[in-house]
Amino acid sequence: MSKRDLLNFDDWSRGEIEAILALAQDLKSKQKRSVPHRLLDGKGLGMLFEKPSLRTRVTFEAGMVQLGGHAVFLSPTEVQMGVRETPEDCARSLSRWVDMIVVRTFAQATLEEMARSASVPVINALTDLYHPCQVLADCLTLLEHKGKLAGLKVAFVGDGNNMVHSWMEAAGKIPFSFSLACPKGYEPNRDIEARVRKNGARVTVTHSLAEALRGADVIYTDVWTSMGQEWDVATRLKAFQDYQVNDRAVSMAKKDAVVMHCLPAHRGQEITDAVLESPRCVAFDQAENRLHAQKAVMVWLLDARPSSKVQKFKRSRKTTSQSKGSRGSNKRR
């Protein structure tokens, strides 16, 4: 089996994404029932983070332990990638010590360079362009609350950022529609939008909050100022002031629409405290599901799925049985 990475969803099929989500459901069920699932027993994970994190770090580390493996966290000050050594040399070295590499960085190019150089799977734990692990956790959450993904309308309110790019890619794989309401000048990357549309994604980008939210099953938002954009806070606060997810915005969607936020939230900016704490908001279910979705990704990339282990076991039993039968036949002759 050739090495597989999760850098974005571009080269992942609908079947693979759905299989990972099904695996995440199974692993979550096992954990809730305290059923051991040490599918990565003895495996190692290198975690190279150039951006701070709460959910991503804890869920990858805890998930690896629950799967029977171990994780090594590498902070920016320890590695100083691009200063002490190149991303290429870093990836080649890590590949000699661990079985997977998780990268949380700024430039997508840095992640891709590491993936090209690594001989083990590389996972995108967030770049400025994509955040696939978050969207997998979000899709798992929607399966739990809506019972399906196909046919839903996901409406994103805010910046055309990395979350939007990953949602648009997912919409091109699974048949749900995606709409974005954003201020002028904050649209998503044009090349990514054009690619996902070419792949069949049903995507709407509008400056109208009402248009984006009309008929929406899901209302999604994220911070207006992402990491690395702190210098632009004042401008962004002014630009996004009419794009807050509040009671008025929620009333524009379907009556049973759920509200999602990938956290951390800036309460009173992109979302009100009342909406974030309302029964319709599933933000903390999303946070919990980061653990289960990422466990599924790691198991999948290392081909350690329970079904594959069962098949290997069955093949082994069959071979052994045939071998014994042959020996017995020779003896009878």
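No lab work stands behind these numbers, since they all come straight from the coordinates. Quick caveat, the model's predicted, so the values are computed rather than measured. A quick note on method: Cβ atoms are made from the backbone with ideal geometry, for glycine too, and the neighbour counts reach across all protein chains shown.
Each principal axis of the Cα cloud of region 161-219 was evaluated for its coordinate range; sorted largest first, these ranges are 26, 26, 17 Å.
Past the 30 Å Cα-Cα mark, which pairs from 43/153; 153/198; 28/198; 198/255; 153/295? Before the final figure, lay out each step's value.
Working: 43/153 39 Å; 153/198 19 Å; 28/198 35 Å; 198/255 32 Å; 153/295 27 Å.
43/153; 28/198; 198/255, as the Cα separations exceed 30 Å there.
The amide H of residue 204, built 1.01 Å from its N in the peptide plane, has 178, 179, 180 as neighbours under 5 Å, considering only residues 5 or more places off or on other chains.
Here the Debye sum runs over all C-alpha atoms of region 234-279 as equal scatterers in vacuum, and log10 of I(q)/I(0) at q = 0.28, 0.31, 0.33 Å⁻¹ comes out as -1.14, -1.27, -1.33.
Counting charges near residue 173 (Lys, Arg +1; Asp, Glu -1) among other residues having Cβ under 10 Å from its Cβ returns a value of -3.
Ignoring aspartates and glutamates fewer than eight residues from residue 173 along the same chain, the ones with Cα atoms less than 19 angstrom from its Cα are 5, 10, 11, 16, 18, 138, 191, 193, 217.
Can you classify region 192-270 as rounded, prolate or oblate using the Cα gyration tensor, where a ≥ b ≥ c are the square roots of its eigenvalues, rounded means a/c under 1.5, and otherwise it's prolate if a/b beats b/c and oblate if not? Provide the component values of the computation, followed by the final result.
On the way: a/c = 1.86, a/b = 1.17, b/c = 1.59.
Because a/c hits 1.5 or more and a/b fails to exceed b/c, region 192-270 counts as oblate.
What number results when the radius of gyration of region 85-135, computed over Cα atoms, is divided by 2.2 N^0.38 Å?
Details: Rg = 10.4 Å, N = 51, 2.2 N^0.38 = 9.8 Å.
Output field value: 1.06.
Taking every alpha-carbon pair within region 1-41, the share separated by more than 13 Å comes to 66 percent. Ellipticity at 222 nm from helices only: DSSP H runs of n ≥ 4 in the chain, each -39500 (n - 2.57), divided by the residue count, give -14500 deg cm²/dmol.
Solvent-free Debye calculation, one equal scatterer per alpha-carbon of region 134-286: log10 I(q)/I(0) at 0.09, 0.16, 0.21 Å⁻¹ equals -0.24, -0.81, -1.47. Taking a Cβ cut-off of under 11 Å around residue 286, the surrounding Lys, Arg, Asp and Glu residues balance to a net charge of -2, with basic ones at +1 and acidic ones at -1. Based on the Stokes-Einstein relation at 10 °C and a viscosity of 1.306 mPa s, and on the Kirkwood radius from alpha carbon pairs, region 46-180 is assigned a translational diffusion coefficient of 99 µm²/s. Derived scalar couplings between HN and Hα for region 188-196 equal x, 4, 5, 5, 5, 4, 5, 5, 5 Hz in order, rounded to whole Hz, by the Karplus curve 6.51 cos²θ - 1.76 cosθ + 1.60 (θ = phi - 60°), x for Gly and Pro. For the chain, what log10 I(q)/I(0) values come out of the Debye formula at q = 0.06 1/Å, with one point per alpha carbon and no solvent? The Debye formula, applied to the Cα set alone, gives -0.24.
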